[in-house]
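Enquirer: Sharing a structure below in structure tokens format, with a few things to ask.
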Amino acid sequence: MCYNCLDTPDPVCHTISCNSTATERSQQMRAAVLNEVGKPLVIDDLTIAEPGTGEALVRVVAAGVCHSDLHFIEGTYKRELPLVLGHEVAGIVEAVGPGVTNVVAGDRVIVGFVQPCGYCDRCQSGRPNLCETQTTLRGPDEPTLRRGETPVGALAQIGGFADYSLTPASGLVKVPAGVGLDIAALVGCSVTTGYGAVANTARVEPGSTVAVIGAGGVGLNIIHTARLVGAERIIAVDLVEEKLDLAKEFGATDSVYAGRGDAVQQVHDLTGGGVDYAFEAIGLKQTARQAYDMVRRGGTAVVVGMVPPEDTIEVPGLIWREEKTLKGSFYGSARFHVDMPRIL
């Protein structure tokens, strides 16, 4: 059955399972390919493999543009090229490979960008976002994507800027009826990352004070979740005043325009000594250090943004005396099959 044509023959349908599609095109699709760092993505025709053991083929219905994708375009984070980006994805399962039991063709799903193995120490301890092995079902000579004879990579084993994604089924989360796939796609990354940073990583307590550096997609979800869990004061920090206005719609009680003086001092002035929790949602070592400096004694600073891997975040030696905590948050410390349905 073709879930794009709904069984109605369509000569221009790109759905792989459609009976109207010619045999030689049965595994062809379009994708936005990164061929060179710093250059625009190129729309190209690729061949996608059929699902193997443990894999699912998903027709992409919605794909968010996350700032993390820009890191790979700019070369801040490196991957072998050519590469199909896109990791904030929702769609409809077209087909599944042998051994897949958690989804069937026709299911509406979020395509998670971590595919937990379920067996390693981190998975067994309830931290699948930190899976030590990741579900990798193909060898280097078995790419999911090709352009002619050239293998093409898929970011996070998703490659969502395409008609289809062939991915390990362990990363799929079903979307309830009535929830739009455009909304579900955002839950695949920015919403879960922001929600989990507050609810799972930091475990923000009711009545506490919070600062959020960066009022982009992830930062706004941090702000909104902080409001939901009962934070008394939520301070948004950004260099763009329009973002600060939007942050107040999401629940910020105060705003700090970082272009007007020392942002750390402004937060201290507003709170009389610093906040209980500070979140860095940009990905710079300078703002990560600012988050640390914004928290009061005994406070917690959480780095959510993708700080470049070669950078070092320095903290004062007196960290022992102040009992401050600096910690990272990857994918919101989420248990995907619990947190994502809860969010939806």
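The values are calculated or read from the model by the stated rules, or taken from the named source; none is laboratory data. Remember, it's a predicted structure, so these values are computed and weren't measured experimentally. Cβ coordinates were reconstructed from backbone atoms using ideal geometry, including for glycine residues, and neighbour counts include every protein chain displayed.
Enquirer: Which numbered condition trips up LEU284, out of (1) of a type in the set (A, V, I, L, M, F, W, C); (2) in contact (Cβ under 8 Å) with a residue 40 or more places away in the chain; (3) within 29 Å of LEU130 (Cα to Cα)?
Expert: The number of the failed condition is (2).
Enquirer: Moving on. Conditions first: (1) surrounded by 14 or more Cβ atoms within 10 Å (Cβ to Cβ); (2) farther than 12 Å from GLY171 by Cβ; (3) at pLDDT 95 or above. GLY99 passes all but one, so which condition is the exception?
Expert: Among (1) surrounded by 14 or more Cβ atoms within 10 Å (Cβ to Cβ); (2) farther than 12 Å from GLY171 by Cβ; (3) at pLDDT 95 or above, the lone unmet condition for GLY99 is (1).
Enquirer: Return the residue satisfying two criteria in turn: it lies in segment 111-157 and is on the phi > 0 side of the Ramachandran plot and of a type in the set (S, T, N, Q), and of such residues it is farthest from the chain's Cα centre (by Cα).
Expert: The extreme case among them is GLN134.
Enquirer: Under 8 Å between Cβ atoms, at least 6 apart or on separate chains: pull out the pairs that start in segment 212-239 with a residue that is farther than 18 Å from VAL303 by Cβ and in the same structural domain as GLU280 (by TED's automatic domain parsing) and end on any residue that is modelled with pLDDT under 95 and surrounded by fewer than 19 Cβ atoms within 10 Å (Cβ to Cβ).
Expert: Correct list of pairs: LEU239/GLY259.
Enquirer: Select from segment 182-219 the residues that are over 14 Å from the mean Cα position of the chain (by Cα), closer than 26 Å to ASP69 by Cβ and among the hydrophobic types (A, V, I, L, M, F, W, C) and list them in ascending order.
Expert: If the condition is that a residue be over 14 Å from the mean Cα position of the chain (by Cα), closer than 26 Å to ASP69 by Cβ and among the hydrophobic types (A, V, I, L, M, F, W, C), then VAL198, ALA199, ALA202, VAL212, ILE213, ALA215 are the ones that fit.
Enquirer: Hey, another quick one. May I ask you to list the residues in segment 217-230 that are surrounded by fewer than 19 Cβ atoms within 10 Å (Cβ to Cβ) and not basic (Lys, Arg)?
Expert: The answer is LEU228, VAL229, GLY230.
Enquirer: A further question on this structure: Could you check, for segment 249-268, whether at least one of its residues is β-branched (Val, Ile, Thr), in contact with a strand residue (DSSP E or B) (Cβ under 9 Å, 6 or more places away or on another chain), surrounded by 20 or more Cβ atoms within 10 Å (Cβ to Cβ) and under 22 Å from GLU88 (Cβ atoms)?
Expert: So far as segment 249-268 goes, no, none of its residues is β-branched (Val, Ile, Thr), in contact with a strand residue (DSSP E or B) (Cβ under 9 Å, 6 or more places away or on another chain), surrounded by 20 or more Cβ atoms within 10 Å (Cβ to Cβ) and under 22 Å from GLU88 (Cβ atoms).
Enquirer: Among the residues of segment 143-154, how many are polar (S, T, N, Q) and either surrounded by fewer than 24 Cβ atoms within 10 Å (Cβ to Cβ) or in a strand (DSSP E or B) (or both)?
Expert: Counting residues in segment 143-154 that are polar (S, T, N, Q) and either surrounded by fewer than 24 Cβ atoms within 10 Å (Cβ to Cβ) or in a strand (DSSP E or B) (or both) gives 1.
Enquirer: Filter segment 311-332 down to residues that are in contact with a Ser or Thr (Cβ under 7 Å, 6 or more places away or on another chain) and outside any loop (DSSP other than H, G, I, E, B) and give me whichever is farthest from ALA197 (Cα to Cα).
Expert: THR325
Enquirer: Moving to a separate point now. Just one of (1) more than 26 Å from GLY194 (Cβ to Cβ); (2) out of contact with any Asp or Glu (no Cβ under 6 Å at 6 or more places or on another chain); (3) at pLDDT below 95 trips up LEU70, so point out which.
Expert: Result: LEU70 passes all but (1).
Enquirer: Keeping to segment 294-344, report how many residues are at positive phi and without any contact (Cβ under 8 Å) to a residue 24 or more places away in the chain.
Expert: The number of residues fulfilling the criteria is 0.
Enquirer: Got a sec? Which helices (runs of 4 or more DSSP H) wholly within segment 211-282 have at least 1 residues that are under 15 Å from ALA199 (Cβ atoms)?
Expert: 217-228
Enquirer: Out of (1) at pLDDT 95 or above; (2) buried (at least 24 other Cβ atoms within 10 Å of the Cβ); (3) touching a strand residue (DSSP E or B) at 6+ places or on another chain (Cβ under 8 Å), what's the single condition that is false for GLY274?
Expert: (2)
Enquirer: Name the residues in segment 228-243 that are within 16 Å of ALA278 (Cβ to Cβ) and among the charged types (D, E, K, R), would you?
Expert: Residues satisfying the conditions are GLU232, ARG233, ASP238.
Enquirer: Name the single residue that is surrounded by the most Cβ atoms within 10 Å (Cβ to Cβ) among those in segment 30-71 being more than 22 Å from VAL100 (Cα to Cα) and hydroxyl-bearing (Ser, Thr, Tyr).
Expert: The residue in question is SER68.
Enquirer: Could you grab me the full set of residues in segment 155-185 that are within 25 Å of PRO51 (Cα to Cα), among the aliphatic types (A, V, I, L, M) and outside any strand (DSSP E or B)?
Expert: LEU155, ALA156, ILE158, ALA169, VAL175, LEU181, ALA184, ALA185
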